[in-house]
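One structure is given here, and the rest of the page talks about it.
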Amino acid sequence: MDYRKHLKSTINDYLNIKDNIKTGIERKEEIEKNKKVILEKLNGREEDWKDYKWQLKNRIDNAEKLKKIFPLTDEEIKEVDKVASVYRFAISPYYLSLIDTKDFKDPIKLQAIPSGKELIGHGDLDPMDEKGTTPVEGITRRYPDRLIVKVTNQCGMYCRFCQRRRLIGETDHHIDRNTLEKDIEYIRNNEEIRDILLTGGDAFMLSDSTIEWLLQELRSIPHVEIIRFGTRTPVTLPQRVTDNLVNILKKYHPIYVNTHFNSPAEITEESKEACEKLANAGIPLGNQMVLLNDVNNDPMVVRKLNQALLTIRVKPYYIFHTKPVKGTEHFWCKVEEGLDIMESLRGRTSGMAIPTYIVNGPGGLGKTPVLPNYLQYIGRDKAYFRNWNGVPFEIENKFDDIE
Ligand SMILES: *Cc1c(COP(=O)(O)O)cnc(C)c1O
């Protein structure tokens, strides 16, 4: 049977399942109900919910507070307490409202609520050796023409799989002005640096005025071509994307924002609004997903996520293979799972919905792309391939006798 006559049949598996994998927009009513309950328990009003400062101030950051809002067994509460004394936790009321309490393996819950599993297993707190590739405090430089500046340790929510757990600590602090000035000096003195990635923590946790100051400084350096922000606020604290912030950002183009959706359940009306605001200001949006056991190590979940991201104007950019960070072993996946996901995307969805799958080389060796083998073999004068649906073909690959 020629699959080209029956194209629809090549995606029937997805069509049959897609309505069971719910986005936050499809769960709107339940989320609205959760929000009402949480607001009541926190003594907040509707306007408070929309205020990111209220959201930050009311982050749920200990077992006592969590117990009041979220149904947990005594055993679970004890676990949360124990883990919280080792690894920080804090959840914005908004992000907490996305949890489907009926779902034992809810993807939001797995990412946000501490699990006793964090205290067992092996791994390293700094497997990427960021410390070893730090020329000045705050900067990680691993590539010739670009670098990251970790401007703060603060986040809207502390992800349970965080790769920078070692930096998160117990309290929020932005890096001080003095250090930032040294970082800017380093960039100014190294004229091959053309791309600056501001990250953290979460770069949008800085105040509007600090962000504006930083952008002004960076834009005064002639060799800085592009500036990128790494932020999970569109996912965990979409209220942070205010008109004021967006109006600042758009004065310093070209600005790019990479965000971090891991699950269709995170795509809500609020996150959509945040992404649209940024996109309307001319900021291209990319998504960096981390491959996480039980959250998104499923080709159908990733297809739904990536297609939904395009509808909110976010282009899937990377899928990161889970890094072997201590205390996150229950999230680790196999490389085969990542490859299966890549295989299931190509041909079956828009090329726009297909990110690059990346394995990070330990010890700072850097981002390494992984792709299913479409190129099967290069012969003397032909190259042999298979297409997305497994059909083999060959092309001429003989140029040396053209005289
Ligand atoms: C991820 C990363 C970058 C950016 O990499 P791109 O592939 O350009 O997105 C830059 N520097 C460091 C240290 C990084 O970890």
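Calculate what fraction, in whole %, of the accessible area of the chain sits on carbon and sulfur atoms when a 1.4 Å probe is rolled over the protein chains.
52
Please list 194-200, 234-240, 57-63, 13-19 highest first by mean number of surrounding beta-carbon atoms within 10 Å per residue.
234-240, 194-200, 57-63, 13-19
Would you give the gap between the C-alpha center of region 263-290 and the C-alpha center of region 143-157, rounded to a whole Å?
19
Starting at the first residue of region 293-301, write each ³J(HN,Hα) from the Karplus equation 6.51 cos²θ - 1.76 cosθ + 1.60 with θ = phi - 60°, in whole Hz, x for Gly and Pro.
3J(HN,Hα) across region 293-301, in whole Hz: 3, 6, 9, 8, 7, 8, x, 6, 5.
How many lysine pairs in region 302-403, separated by 8 or more positions in sequence or lying on different chains, have Cα atoms less than 29 Å apart?
Lysine pairs meeting the criterion: 13.
I need the semi-axes of the equivalent ellipsoid of the chain: take the C-alpha gyration tensor, multiply each eigenvalue by 5, square-root it, list largest first in whole angstrom.
One finds semi-axes of 35, 29, 21 Å for the chain.
Summing +1 for each Lys or Arg and -1 for each Asp or Glu, what net charge is found among the other residues whose Cβ lies under 10 Å from the Cβ of Ser344?
-1
Counting other Cβ atoms within 10 Å of each Cβ, which GluC sites (Glu not before Pro) in region 161-206 have at most 10 and sit in a DSSP loop?
Glu170, Glu192
Relative contact order for region 14-110: what is it in percent, counting Cα pairs under 8 Å that are at least 6 residues apart?
Normalised by residue count, the contact order of region 14-110 is 30 percent.
Quick one: which residues, 5 or more positions from Leu147 or on another chain, have an amide H under 5 Å from its amide H? H modelled 1.01 Å from N in the peptide plane, none for Pro or chain starts.
Asp195, Leu197
Work out how far the C-alpha atoms of region 99-149 reach from end to end along every principal axis, then list the three figures in whole Å, largest first.
Taking the Cα atoms of region 99-149, the three principal extents are 48, 24, 16 Å.
For Asn287, enumerate residues with amide H under 5 Å from its amide H, sequence gap 5+ or separate chain, H modeled in the peptide plane.
Counting only residues 5 or more places away or on other chains, the set is Thr259, Lys315, Tyr317, Tyr318.
What number, rounded to the nearest 500 deg cm²/dmol, is the helix-based mean residue ellipticity at 222 nm of the chain, given -39500 (n - 2.57) per DSSP H run of at least four residues and division by all its residues?
After summing the helix terms and dividing by the residues of the chain, the value is -9000 deg cm²/dmol.
Calculate one ³J(HN,Hα) per residue across region 38-53 by plugging θ = phi - 60° into the Karplus curve 6.51 cos²θ - 1.76 cosθ + 1.60, and present them in order as whole Hz with x for glycine and proline.
Going residue by residue, I get 5, 4, 5, 5, 9, 6, x, 10, 3, 5, 4, 4, 7, 9, 5, 5 Hz, with x marking Gly and Pro.
Let me know the shape class of region 14-110, please: from the alpha-carbon gyration tensor, a ≥ b ≥ c as square roots of the eigenvalues, rounded when a/c is under 1.5, otherwise prolate if a/b is greater than b/c, or oblate.
Judged from the Cα gyration tensor, region 14-110 comes out oblate (a/c at least 1.5, b/c at or above a/b).
What are the chymotrypsin sites (Phe, Trp or Tyr not before Pro) within region 53-162 that DSSP puts in a loop, where the Cβ has at most 12 other Cβ atoms within 10 Å?
Listed in order of number, the matching sites are Phe104.
Would you mind counting up the charge near Lys102? Only other residues with Cβ under 13 Å from its Cβ, with Lys and Arg at +1 and Asp and Glu at -1.
+1
Taking only Cα atoms and a 10 Å spring cutoff, compute GNM fluctuations for the chain and point out the largest among Asp103, Asp208, Asp129.
Asp103
From the protein chains alone at 1.4 Å, what is the descending order of accessible area for His122, His174, His260, largest first?
His122, His174, His260
Out of all DSSP beta bridges in the chain, what portion is antiparallel? Express it as a percent rounded to 5.
Taking every DSSP beta bridge within the chain, about 40 percent pair in antiparallel fashion.
How large is ³J(HN,Hα), in whole Hz, for each residue of region 383-397 in order, when computed from phi with the Karplus curve 6.51 cos²θ - 1.76 cosθ + 1.60 and θ = phi - 60°, using x for Gly and Pro?
Each residue's phi maps through the Karplus curve to give 10, 10, 10, 10, 8, 4, 9, x, 7, x, 8, 9, 10, 5, 9 Hz.
Please list, in chain and number order, the residues 5+ apart from Ile312 or on another chain whose amide H is under 5 Å from its amide H, with Hs placed from the backbone.
none
The values are calculated or read from the model by the stated rules, or taken from the named source; none is laboratory data. Keep in mind it's a predicted model, so treat the numbers as computed, not measured. All Cβ positions, glycine included, derive from the backbone under ideal geometry; neighbour counts span all protein chains shown. Accessible surface areas use protein heavy atoms only, side chains included; no ligands, DNA or RNA. Shrake-Rupley method; radii C 1.70, N 1.55, O 1.52, S 1.80 Å.
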